[in-house]
């Protein structure tokens, strides 16, 4: 029996364009972000799906909706899949954080597993709430294709947790661009990363846009 777990990052927002910190801020998709969601649905609806699990934030729900409509399946919202909180850093630019939260920023860059943005979450805390969702999926769906729609940091942290990568290195070992798809296959040998950050479903005129 094989479970194929697809991890989709939400489409573009104004924050993914600017690079400003956006975790618990409930941002909307841009027009291009909606196009990314539609193009994902058009390509991936052709597979047979068992379930769709989604972060309960506007940008992830909007990304999942065209796909769920296309396959006629209800999305299952899970709070554990939401993006990590950046606390007082929310909506601010990196340059402003470097200036006003210098020591906090250095600690977070050096060891984000145990050092959080002021008032925010550590990578360990994000793993502790997101990985139980993965365990739930494995229990309920031992085989077939399951989609998870989540966020940049959360997906990176889940991948590191599954693959045995130090959580303190999640920002330096895995890159997850907007609307990219990764896939982990679970079989008797455990999790195997088969796809990382694929964006071939996105139209060329959108794929070339900058954004984190």
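Values in this text are rule-based calculations from the coordinates and carry no lab data. Only a predicted model underlies this, so the values are computations on that prediction, with no experimental measurement involved. No Cβ is skipped: glycine too gets one built from the backbone with ideal geometry, and neighbour counts run over all protein chains shown.
From the residues in segment 47-69 that are part of a loop (DSSP other than H, G, I, E, B) and surrounded by 16 or more Cβ atoms within 10 Å (Cβ to Cβ), which one is farthest from the chain's Cα centre (by Cα)? Give the derivation first.
Restricting attention to segment 47-69, the residues satisfying the condition of being part of a loop (DSSP other than H, G, I, E, B) are 47-48, 55-57.
Next cut, surrounded by 16 or more Cβ atoms within 10 Å (Cβ to Cβ) only: 55, 57.
On the way: 55: 9, 57: 12 Å.
By that ranking, first place goes to 57.
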| field | Residues (over 18 Å from residue 181 (Cβ atoms) and in contact (Cβ under 8 Å) with a residue 24 or more places away in the chain) located in segment 31-76 | value | 56, 57, 58, 69, 76
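If you take the residues in segment 137-154 that are more than 18 Å from residue 113 (Cβ to Cβ), in a helix (DSSP H, G or I) and touching a residue at least 60 places away in the same chain (Cβ under 8 Å), which one is farthest from the chain's Cα centre (by Cα)? Outline the logic, then answer.
Pass one, segment 137-154, residues more than 18 Å from residue 113 (Cβ to Cβ): 137-150.
Next, from what is left, pick out any that are in a helix (DSSP H, G or I): 137-140.
This time we only want the ones that are touching a residue at least 60 places away in the same chain (Cβ under 8 Å), so: 137-138, 140.
Details: 137: 16, 138: 18, 140: 21 Å.
Among residues in segment 137-154 that are more than 18 Å from residue 113 (Cβ to Cβ), in a helix (DSSP H, G or I) and touching a residue at least 60 places away in the same chain (Cβ under 8 Å), the one farthest from the chain's Cα centre (by Cα) is 140.
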| remark: Filter segment 70-86 for residues that are in a helix (DSSP H, G or I) and in contact with a strand residue (DSSP E or B) (Cβ under 6 Å, 6 or more places away or on another chain); the one that is farthest from residue 153 (Cα to Cα) is 71
